[in-house]
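Some notes on the structure that comes next.
Readers should treat all values here as calculations from the given coordinates under stated rules, not as data from a laboratory. All of these numbers come straight from a predicted model, not from anything done at the bench. Cβ coordinates were reconstructed from backbone atoms using ideal geometry, including for glycine residues, and neighbour counts include every protein chain displayed.
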Amino acid sequence: MSSVGTFMQISPPLYRLFISAPDNGTMRCDLHVHSIASGMFTAPILDRICRESYSDPAEVYDRLKRMSMSIVTITDHDSIDGAESLRHHPDFFLSEEVTVRMPSGTEMHMGVYGITERDHAEIQRRRNDFIALLMYLTERKLFFSANHVFSGLTGRREAEDFHWFESYIPAFETRNGQMQPEANESAARLAARLGKIAIAGSDSHTIAGLGHTYTEVAGARTVDEFFAGLRAGYGRIHGVHGTCRKLTADVFNIVRSLFWDKPWTLALSPFALLVPAFTAGHWMNEIRFCRKWSSVLERGEKRKRKLWDLDSNFEANWAS
């Protein structure tokens, strides 16, 4: 991090002094982007034949620049392979979406930004232990977020997961371009109540959706200043929410890419007629998941999760 970025992170007045002048413009970044390196679908059968995305990283970069993104990143699932061809771009930075095992045994998706190859290796080594990962990210002063907080994409959720989010994750994704408006609005309300940094990204697995949802920081000139501005509270979220229709179109695009990539799968093309039913069912499950947990959290009392909740001896050991 640059010295200016460090000052801005420590002191919002310094941020205003150094980079928030109107003539410095703004920086925009879609903070949730997928490419062909995101791996295979997790659903049975599809996990053997179909990728989550078929977007070429170079095409992703070009599309995001055409959509007026000032800086570009790719957040593939537990992978940085898609970044290899983009490293020569001065406005590109390395990130990933990490599948993290929570203390409750559930999983969540965490965006981690501005990393190195060494960070990636250590993040992957620790991702099945939320506390160990948290300690590493904090020590490295990396910026990270809880993505699609009110989505069931990673499976079940436990109440204690939200206590961990509250206490130790600095940013929430409050607008995801694939999530229904209610889920995004619930995430935004929770983030505001807990004082979290709000970020946004398209979460697009196809080229067409890229750059329609993004995060903006006024006056930032570098990647370091962009994240310093977010930490200082100067980030703004923009763009569209998800719809069932858009999700259905994206799935059809992925299916078409599958047929092109593996021509033998054309024999399965009659099953493509089931896509609208599949996406409608998924959409209804997402609505139920969101309403359940937003209701639980909005009527519940705030309680910060502490590390020593794991072990009654932890506090004493820490003090010693």
When ranked by the protection proxy of mean other Cβ atoms within 10 Å per residue, highest first, what sequence do the peptides 42-51, 158-167 form?
158-167, 42-51
Stokes-Einstein, Kirkwood over Cα pairs, region 18-91, 37 °C, 0.692 mPa s; D in µm²/s equals 238 µm²/s
What is the ratio of the Cα radius of gyration of region 192-240 to 2.2 N^0.38 Å, where N is its residue count, to two decimals?
1.25
Net length gained if the chain between residue 292 and residue 238 were fully extended (0.36 nm per residue, minus Cα distance):
16.8 nm
Can you give the % of DSSP beta bridges in region 33-129 that are antiparallel, to the nearest 5?
80 percent
Amide proton proximity set for residue 102, modelled H, under 5 Å, gap of 5+
107, 108
Beta carbons within 10 angstrom, averaged per residue: use that to sort the peptides 128-137, 206-215, highest first.
206-215, 128-137
Sorted by packing (mean other beta-carbon atoms within 10 Å per residue), highest first, where do 117-123, 71-77 land?
71-77, 117-123
Calculate the tail of P(r) for region 91-206: the fraction of all Cα-Cα distances greater than 17 Å, expressed in %.
53 percent
Mean separation of Cα contacts under 8 Å (6+ apart) over length of region 76-181, as relative contact order %:
24 percent
Could you give me D for region 231-281, from Stokes-Einstein at 10 °C and 1.306 mPa s, where the hydrodynamic radius is the Kirkwood radius over C-alpha pairs? Units µm² s⁻¹, please.
120 µm²/s
Nearest-5 percent of antiparallel DSSP beta bridges in the chain?
70 percent
Regarding region 125-189, what's the average projected area of the Cα-atom convex hull, expressed in nm²?
5.0 nm²
Can you list the residues of region 91-127 with backbone N under 20 Å from a point 7 Å past the Cα of residue 160, pointing along Cα to Cβ?
100-110, 127
Is the C-alpha gyration tensor of region 190-292 telling us rounded, prolate or oblate? Criteria: a/c under 1.5 is rounded; beyond that, a/b larger than b/c is prolate, otherwise oblate.
oblate
Highest GNM mean-square fluctuation, the chain, Cα pairs closer than 10 Å: which of 276, 90, 103?
90
Can you give me the Rg/Rh ratio for the chain, using Cα atoms for both radii and the Kirkwood formula for Rh?
0.97
Could you pull out which residues in region 100-136 have an amide N less than 15 Å from a spot 7 Å beyond the Cα of residue 167, following the Cα-Cβ vector?
102-105, 130-135
